[in-house]
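Here is the structure we will look at.
Readers should treat all values here as calculations from the given coordinates under stated rules, not as data from a laboratory. From a predicted model like this one, the values you see are computed outputs, not experimental measurements. Here the Cβ positions follow ideal geometry from the backbone for every residue, glycine too, while neighbour counts run over all protein chains shown.
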Amino acid sequence: MVSNHVRGVSQRATRRVLQEVAQAKKRFGLPDTAPGVRCYEAGREGFWLHRFWQAHGITNYIVDSSSIEVKRRRRRAKSDGLDVRKLVSMLIRYAHGERAVWRVVHVPSVAAEDQRHLHRDLETLTQERASTTTRIKGWLSSQGVRLTSLSKLPEQLAALRLWDGSPLPSGLCRRVLRV
């Protein structure tokens, strides 16, 4: 059974969480050296928080949120209170050896995580380029102008004509060049 001693503390309020852990150990008569175990769902926090807890002697698990078991037959209520109790209950099961409860995310070293940035930047830039190309082609298409390639667009812009042979409106030209 999960205790009713649930405290709401922001993930980033690490000092406050450490104070709550110390108070809980005192309240339950545990020594300061008693091990702590915690978990959180993988997401925007990344791995720094995991490293923080490990540095303070607290075992931490980052859980793949898609692997958390849910009852599919019943309509599921969604609230932080229910989620916390569910996660704590599952953490207890996991800590007692029930490994099928969820999937734990592998935490890479700081160096391995850093090496991923160049590749991720390239992916992001490629996606942004494709999105920008599509957006510009859409703007031009909405005026009856069809281009297969935008590789020489800045030089071509003045020569492009609307369906009736008139030049592109100046606002559209400025918008295309701004992107």
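Relative to the longest principal axis of the Cα atoms of the chain, the long axis of helix 80-95 makes an angle of roughly 60 degrees. Rg/Rh for the stretch 14-101 (Cα atoms only, Rh after Kirkwood) is 0.99. A simple packing score, the average count of other Cβ atoms within 10 Å per residue, orders the peptides 43-55, 152-164 as 43-55, 152-164, with the highest score first.
Computed over the stretch 110-178, the alpha-carbon pair-distance distribution with 5 angstrom bins reads 3, 14, 23, 19, 10, 7, 7, 6, 5, 3, 1, 0, each value a whole percent.
Modelled spin-label separation between ALA111 and ALA95, with each label point placed 7 Å from Cα along the Cα-to-Cβ direction: 3.3 nm. Along the positive direction of the dipole of the chain (beta-carbon charges: Lys, Arg +1; Asp, Glu -1; about the Cα centre), which of THR126, ALA24, VAL179 reaches farthest? Farthest along the dipole direction, towards plus: ALA24. Given the choices (1) 14.9, 45; (2) 26.8, 85; (3) 21.7, 71, Rg and Dmax of the Cα atoms in Å derived from the coordinates of this structure is entry (2).
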